[in-house]
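First up is the structure itself, then whatever we jot down about it.
The values are calculated or read from the model by the stated rules, or taken from the named source; none is laboratory data. Note that the structure is predicted; figures quoted are calculated from it, not measured. All Cβ positions, even for glycine, are placed from backbone atoms using ideal geometry, and neighbour counts span all protein chains on display.
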Amino acid sequence: MIVVGGENLIDMVQIQEPSQWPRFDAIPGGAPYNVAIACARQGRDVGYATPISTDKLGQHLADRVLADGVSLLADRRSEPTSMAVVSLTNGQASYAFYRDGTAERCVTTDSILSSLPDTTSLLMVGGLAITGGDDAPAWQAVYHDCHSRGMITAMDPNIRVLMIKDRDSYMARFEDMLTVTDMLKLSDEDLEWLYPGTTPEQGLELLQTKTSAHLIVVTKGGDGAIGAVAGQTVSVAAGKADPFMDTVGAGDTFMATLLAEIDTQAATRAELGALTAQDLENMMARAATAAAINCSRAGCNPPYENELPPR
């Protein structure tokens, strides 16, 4: 089973800018939450290890993830659902996050570990879960524990700068987790914040000196993606979205597709270590296609397995 850990929340997105009261759409989200859904849609056995609230917004989140066959591994919590509010002022978007005391942050190292099935073969952690607070060290400790027990570990930091209050603490946690990471995916924007002034190509080289990861992928939006495996570098073009709607969830879909491909081809760390540059290029090309399909639809709406080309 692929197990995903990280935030679930409701994006309250302002849909117009009236003269008086704004209107908002409530959209289920959170990068790891999206990854779990996208991965399950590709036929993988997926468990979601972060608690979801029992409030009405939490029920909306639970219903959506369950509809795609994701198993909820953590007990539901009575604490409220986290929210991200996207407001408009003169057409410009601003963001505010409300996560203090919410259900998705009610985790400890023991509570997470006790929820993991014996069939867990891969653990993916990322997003706001490693940003800060008491929950971040818990996920960090779980990540180490799973790696020590032979599970494949995967990380996508999906950095949200507004949520990082202590850069030094974040960098220490991130670089510590790099040392027990088997597969790493991040965006060029993540890379620029982590190591300012570094190009994606330079960042790829730098990361190879900092991580144990056998596979590293850097996405570059419309410029495609580059990756490294066993000392070799590969690149793929971005997929073509027709029609193009938006990029919401594109990076999450890309990550989920990589995880689905790893689960298909390399269920153990030894098998992951045997993957070649051609294997990674094929994985990335499929991930680019999946992300493009997602971009052809409004919001995060990843493709199902039968919408992707045969392997």
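Given the criteria at negative phi, surrounded by 12 or more Cβ atoms within 10 Å (Cβ to Cβ) and in contact (Cβ under 8 Å) with a residue 40 or more places away in the chain, does Ala213 qualify?
Here the answer is no, as Ala213 does not meet what is asked.
If the Cβ limit is 9 Å and pairs must be 6+ apart or interchain, which residue in segment 136-156 that is farther than 17 Å from Asp263 by Cα pairs with which residue that is buried (at least 20 other Cβ atoms within 10 Å of the Cβ) and polar (S, T, N, Q)?
Listed by first residue and then by second, the contacts come to Tyr143/Thr153; Tyr143/Thr181; His144/Thr153.
Do you know which of the residues in segment 159-185 that are assigned to a loop (DSSP other than H, G, I, E, B) and acidic (Asp, Glu) is farthest from Phe97 (Cα to Cα)?
Within segment 159-185, the first condition is being assigned to a loop (DSSP other than H, G, I, E, B), and the residues that meet it are 159-160, 164-166, 179-182.
From what is left, the residues that are acidic (Asp, Glu) are 166, 182.
Values: Asp166: 16, Asp182: 30 Å.
For segment 159-185, the residue satisfying everything is Asp182.
Within the bounds of segment 121-128, is there any residue that is surrounded by fewer than 19 Cβ atoms within 10 Å (Cβ to Cβ) and more than 25 Å from Glu271 (Cβ to Cβ)?
No, every residue in segment 121-128 fails to be surrounded by fewer than 19 Cβ atoms within 10 Å (Cβ to Cβ) and more than 25 Å from Glu271 (Cβ to Cβ).
Residues Ala154, Ala67, Ala136: which one is of a type in the set (A, V, I, L, M) and either surrounded by fewer than 15 Cβ atoms within 10 Å (Cβ to Cβ) or over 17 Å from the mean Cα position of the chain (by Cα) (or both)?
Result of the check over Ala154, Ala67, Ala136: Ala67.
Does Val217 count as touching a Gly at 6+ places or on another chain (Cβ under 8 Å) and under 19 Å from Cys39 (Cα atoms)? Before the answer, list the steps.
Numbers: touching a Gly at 6+ places or on another chain (Cβ under 8 Å): yes; under 19 Å from Cys39 (Cα atoms): yes.
Yes: the conditions hold for Val217.
Can you find, within segment 247-273, the residue that is modelled with the highest pLDDT among those that are β-branched (Val, Ile, Thr) and more than 15 Å from Ala292 (Cβ to Cβ)?
Filtering first and then ranking leaves Ile262.
Just to be sure, is Gly239 of a type in the set (Gly, Ala, Ser), more than 18 Å from the chain's Cα centre (by Cα) and crowded, with 19+ Cβ neighbours inside 10 Å?
yes
Please give the strands (runs of 3 or more DSSP E) falling wholly within segment 1-89 in which 2 or more residues are within 26 Å of Gln265 (Cα to Cα) and touching a Ser or Thr at 6+ places or on another chain (Cβ under 8 Å). It would help to see each step written out before you state the result.
Details: elements: 2-5, 9-16, 23-29, 46-48, 82-89.
Qualifying strands (runs of 3 or more DSSP E): 2-5, 46-48.
Quick check on this structure: which one of Ala238, Ala298, Ala267, Ala277 is touching a residue at least 24 places away in the same chain (Cβ under 8 Å), farther than 22 Å from Asp182 by Cβ, out of contact with any helix residue (DSSP H, G or I) (no Cβ under 7 Å at 6 or more places or on another chain) and not β-branched (Val, Ile, Thr)? Before the answer, list the steps.
Details: Ala238 fails: out of contact with any helix residue (DSSP H, G or I) (no Cβ under 7 Å at 6 or more places or on another chain); Ala267 fails: farther than 22 Å from Asp182 by Cβ; Ala277 fails: farther than 22 Å from Asp182 by Cβ.
After applying the criteria, what remains is Ala298.
Specify the residue that is nearest to Ala36 (Cα to Cα); the eligible residues are those in segment 231-267 that are in a loop (DSSP other than H, G, I, E, B) and touching a Ser or Thr at 6+ places or on another chain (Cβ under 7 Å).
Looking at the filtered set, the residue picked out is Ala267.
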